[in-house]
Amino acid sequence: MKIKPVAAMMCYAAFLSIPLCGAASDLRVSGGVEGDVVTVSPQAQQRVSFTDAWRAVVMSNDALAAERANVERTEHLQDAASDLFFPQITAKANYTRLDKPVEIKPSDVIGSMPAGDSIAGLAQMLGINPAKIDSMFTSQLTKRDIFTSSIRAVWPIFTGGRIMAAQDIAKGQNEEARYLLAMKQQAKFEDLSKFYFGVAMTQQVLMTRIDVEKGLKKHYEHAVKLEQQGQIAKVERLQAEASYDKARVERQKAERDMEIAQVALTRLLKLDIPALPSTPLFINESLPPMAAFIEKTLVDYPGLHILDAKKKQASGLIDAEKGKYYPEVYLYGNYSLHEDDTLAAKTAPDWAVGVGVNIPLMDNSGRSGKVKAAHSMVTQVNYLRAQAEQDLSVLVEKTYREAMQALEEYNGLSSSLQLAEENVRLREKAFSQGLSTSLDVVDAELYQASVRTQRSAAAFQYVISLSRLLAVSGEMESFNQYQQYQGLEVKS
């Protein structure tokens with residue numbers, strides 16, 4: 001199986017230092033066969049175990065970092081919602097300029113009295129001039145320039161449940177963000193498994209192609225000697241030569257496939273040199289029952305918890321809209337910090353406290369429609385969750401059966417591999433004795449290569465299916481248990 005170049009475009013390039021599981025400049029198996037010795041070309045590569053690779057993805061992947069930032073954002077919003085129970089305290093300062101000072105005259109005071117006209121008549125009989133009295137006894141209440149400052153506090157003590165609803169919504173948003181991060185981690189775990197073990201598989205395919213090239217080169221050299229001795233016809237030697245040339249082409253193609261797969265893995269890990277897996281392909285003798293994976297998935301899968309968080313938000317929205325039908329009760333207080341030296345300022349109190357009630361009689365926000373919409377959202381989430389549970393059950397069963405099928409295929413090809421190896425040995429011996437044709441030897445070599453490649457592909461499919469099972473069931477941490485303690489290494 002080849003890792004297509006398109007997959008490499010999903011990764012981002014940068015540098016990250018991660019712990020080495022081997023030397024950073026190992027020799028990479030590559031082209032050319034000299035006699036019976038495979039040549040290797042030195043190329044700086046960084047050996048990385050699957051555990052270290054996963055740690056690097058968790059720490060450095062930009063998509064995961066974005067989800068973590070989203071979690072932090074919702075945490076701050078949740079903290080902000082918890083402050084709604086606290087009083088709101090504000091400091092206020094006002095500067096006002098009037099068109100004229102506010103004054104009060106004795107004539108204005110007398111005129112505002114019920115007996116004002118009688119008093120004014122009596123003053124005239126006594127010869128008292130009202131204008132002179134006004135000029136002598138006029139009081140200035142305020143100046144033209146007025147500056148005041150005060151502290152005001154408002155403390156809600158009953159809001160119809162709207163504050164608690166807002167906090168529930170904020171908590172639901174935070175839970176949704178956390179489970180979104182968990183889902184993104186699961187997706188990246190599956191991506192890493194494909195890229196990492198894709199390179200491991202192409203390594204094995206390359207080694208298989210190198211062995212085929214070595215075998216056919218040896219066969220070609222043998223055919224040349226037999227032709228020179230007149231024991232075989234020229235066409236047999238040509239058949240051996242053409243098969244050897246084709247094997248060399250297939251080996252070069254396998255090299256390119258491995259390089260392409262390495263590009264995807266290297267970019268995912270943000271390394272500046274090609275990454276080389278140190279964890280091999282593996283299989284297990286058996287898997288836990290399928291029911292265990294299904295049960296664990298339906299309990300721990302983050303997507304289901306995301307729907308639960310959305311349901312919590314919808315329920316909070318219902319409570320918030322219902323709260324608009326209830327009166328709002330609050331305490332308030334005001335304390336003057338500064339006041340002008342005027343009569344009005346002296347008569348005003350320095351502080352005041354009280355209780356306020358705000359009763360909604362008519363509301364134009366459409367609260368009844370919003371309550372119904374929130375109820376519909378709860379119903380929608382319930383249906384979505386039921387469907388998600390069905391889909392997850394099908395996904396787990398499908399993946400489990402694919403893993404078992406790959407395991408059966410790998411084990412079932414064991415006898416075929418033994419037959420292929422024995423067939424190559426016998427065909428080579430028969431060819432040297434003139435009892436077999438070159439085509440028989442080539443067919444035996446290619447059949448052996450196909451069996452080895454098919455076993456590698458089956459092991460790769462098993463590991464990918466296993467990683468998907470562990471991801472959706474929230475058991476990614478147990479991957480090392482399956483690989484290191486229970487796994488059987490697959491050799492090419």
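Please give me the summed charge of the neighbours of Val442: other residues whose Cβ is under 13 Å from its Cβ, Lys and Arg +1, Asp and Glu -1.
Working: positive: Lys217, Lys218, Arg237, Lys246, Arg427; negative: Glu213, Glu236, Glu241, Asp245, Glu250, Glu428, Asp440, Asp443, Glu445.
Cβ neighbours under 13 Å give a net charge of -4.
State, to one decimal in nm, how far the label point of Tyr447 lies from the label point of Thr379, with both points 7 Å from Cα in the Cβ direction.
For the pair Tyr447/Thr379, the computed spacing is 6.6 nm.
Taking amide H atoms as placed 1.01 Å from N in the peptide plane, list the residues 5 or more away in sequence, or in a different chain, whose amide H sits under 5 Å from that of Ser49.
Placed amide hydrogens put Cys21, Ser278 under 5 Å from Ser49.
Mind grabbing the accessible area of Leu226 for me, 1.4 Å probe, Å², rounded to tens?
Taking all protein chains as shown, Leu226 has close to 10 Å².
From the phi angles alone, apply the Karplus equation (6.51, -1.76, 1.60; θ = phi - 60°) to segment 374-383 and give each ³J(HN,Hα) in whole Hz, x where the residue is Gly or Pro.
5, 4, 5, 5, 4, 4, 4, 5, 4, 5
In square angstrom, what is the accessible area per residue of segment 156-283 with a 1.4 angstrom probe?
41 Å²
Over 32 Å between C-alpha atoms is what I'm after, so list which of Lys218/Lys491; Lys253/Lys296; Lys253/Lys491 land there. Mind showing how you got there, number by number?
Numbers: Lys218/Lys491 23 Å; Lys253/Lys296 42 Å; Lys253/Lys491 21 Å.
Going by Cα-Cα distance, Lys253/Lys296 fall outside the 32 Å limit.
Apply 1/(1 + (r/R0)^6) to the Cβ-Cβ distance of Tyr326 and Arg401, taking R0 = 51 Å, and write down the FRET efficiency to the nearest 0.05. Before the final figure, lay out each step's value.
On the way: r = 56 Å, r/R0 = 1.09.
After rounding to 0.05, the efficiency reads 0.35.
At a Förster distance of 35 Å, what's the computed FRET efficiency of Tyr485 paired with Glu421, Cβ-Cβ distance as r, to 0.05? Write down the numbers at each step before the final one.
Numbers: r = 30 Å, r/R0 = 0.86.
The pair Tyr485/Glu421 has a calculated efficiency of 0.70.
Protein chains only, probe 1.4 Å: how do Trp155, Trp54, Trp351 rank by accessible area, largest first? Could you put the intermediate results ahead of the total?
Numbers: Trp155 125, Trp54 40, Trp351 160 Å².
Putting Trp155, Trp54, Trp351 in descending order of accessible area: Trp351, Trp155, Trp54.
If Glu72, Glu175 are ordered by their accessible area, calculated over protein heavy atoms with a 1.4 Å probe, which sequence runs from highest to lowest? Don't jump to the answer; show the numbers that get you there.
Details: Glu72 105, Glu175 45 Å².
Result of the area sort, largest leading: Glu72, Glu175.
What accessible area per residue, rounded to a whole number of Å², is obtained for segment 341-492 using a probe radius of 1.4 Å? Before the final figure, lay out the partial values.
Details: 8660 Å² over 152 residues.
Solvent-accessible surface per residue comes out at 57 Å².
At 1.4 Å probe size, with the rest of the protein present, what percent of the exposed accessible area of segment 279-428 is carbon and sulfur atoms?
Working: 5040 of 8900 Å².
Of all accessible area on segment 279-428, carbon and sulfur atoms account for 57 percent.
Which of the pairs Lys194/Lys217; Lys214/Lys234; Lys188/Lys372; Lys270/Lys311; Lys246/Lys398; Lys92/Lys311 have their Cα atoms more than 32 Å apart in this structure? Please report the intermediate quantities before stating the final value.
On the way: Lys194/Lys217 34 Å; Lys214/Lys234 22 Å; Lys188/Lys372 39 Å; Lys270/Lys311 38 Å; Lys246/Lys398 39 Å; Lys92/Lys311 42 Å.
Violating the 32 Å limit, Cα to Cα: Lys194/Lys217; Lys188/Lys372; Lys270/Lys311; Lys246/Lys398; Lys92/Lys311.
For Leu281, list long-range residues whose amide hydrogen, built 1.01 Å from N in the peptide plane, is under 5 Å from its own amide hydrogen.
Close amide H contacts, sequence-distant or interchain: Val490.
Please work out the FRET efficiency for the pair Ser368 and Arg68, using the Cβ-Cβ distance as r and a Förster radius of 30 Å; give the result to the nearest 0.05.
Values: r = 40 Å, r/R0 = 1.32.
Approximately 0.15, to the nearest 0.05.
To check my understanding: the extent here is largest minus smallest coordinate of the Cα atoms along each principal axis. What are those three numbers for segment 175-307, in Å, largest first?
81, 40, 22
By accessible area of protein heavy atoms, probe 1.4 Å, what ranking do His219, His338, His76 get, highest first?
On the way: His219 0, His338 80, His76 120 Å².
The most accessible residue leads, giving His76, His338, His219.
Just how far, in whole angstrom, is segment 312-330 from segment 140-178 if you go by their alpha carbon centroids?
Segment 140-178 and segment 312-330 have Cα centres spaced 16 Å from each other.
Which of the listed residues, His375, Val355, Leu392, is farthest toward the dipole's positive end in segment 353-419, when Lys, Arg count +1 and Asp, Glu count -1 at the beta-carbon?
So the residue furthest toward the plus end is Val355.
Any aspartates and glutamates with Cα under 13 Å of the Lys322 Cα? List them, leaving off those in the same chain fewer than 8 positions away.
Lys322 reaches Asp363.
If I model a spin label as a point 7 Å beyond the Cα along the Cα-Cβ vector, how far apart are those points for Thr148 and Val224 in nm?
Reported label-point gap for Thr148 and Val224 is 11.0 nm.
Taking θ = phi - 60°, what integer Hz values does the Karplus form 6.51 cos²θ - 1.76 cosθ + 1.60 yield along segment 483-488, in sequence order, with x for Gly and Pro?
Using θ = phi - 60°, the values come out as 7, 7, 9, 10, x, 10 Hz.
The values are calculated or read from the model by the stated rules, or taken from the named source; none is laboratory data. Note that the structure is predicted; figures quoted are calculated from it, not measured. Positions of Cβ are generated from backbone atoms using ideal geometry, with glycine treated the same way; all protein chains shown enter the neighbour counts. Remember, those area values only see protein heavy atoms, side chains included, never the ligands or the DNA or RNA. Shrake-Rupley method; radii C 1.70, N 1.55, O 1.52, S 1.80 Å.
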